[in-house]
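Contents: one structure, followed by commentary.
What follows draws every value from the coordinates through simple rules; no lab data is involved. What you see is a predicted model; the values in this text were computed from it and never measured. Cβ placement follows ideal geometry from the backbone for every residue including glycine, while neighbour counts extend to all protein chains displayed.
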Amino acid sequence: MIDKYKGTYRIPSARFAPHNYNEGTFFVTICTHERKHYFGYIIDEKMCLSKLGVYTEYCISQIPIINKHVILHSYVVMPNHIHLVISIQFPFSGETDSEKCECSPMSPSVEETPRCDVSTQMKRIAESCGNLSYIISQMKTAVTKYANKQHIPFRWQTRFHDHIIRDTGAFETIMNYVLTNVENWHKDCFRSAP
């Protein structure tokens, strides 16, 4: 039987069932809603970040500061998506150091959105889906709250794509992809009209 959330059928998880996502190394892609270019644009193979893009990049850089036992190997902010290469080390206590960074969704410097009941419910779901989902949820929430506070129209695509990195060869290939993503934008599968 398919579970319902608020009277609507839930789509089954795309996560690899035998893996608990509490530790490991992951390649993560998070897209904006309808792949709109909220984070900036690319010109002459250089990413020109918008105000929201700058804040998103800042929040990503704070992930290992807020979350103990997390290593951020690489990331790139593109016009309509972001890529992260992230490791979660065991033991991950789930403890955050939210007072260190205003990006944290728990930070008192960021006002709660009017839809806090949805945010609270999604936070509970993310916490039960493994540490990777919890970490991504923190970052997405912080960026959304910032956009709302600054009156910047913005939405994330629901969910995110992840790939478990299992060996050194895959790690190196993915790192190269992330590091060259901006210069290869013209052939990027996530590219769409702004």
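Quick notes on this structure:
- When only alpha carbons are used to place a centre, the range 165-182 and the range 139-154 end up 29 Å from one another.
- Net charge contributed by nearby residues that have their C-beta within less than 10 Å of His81 (K/R +1, D/E -1): +1
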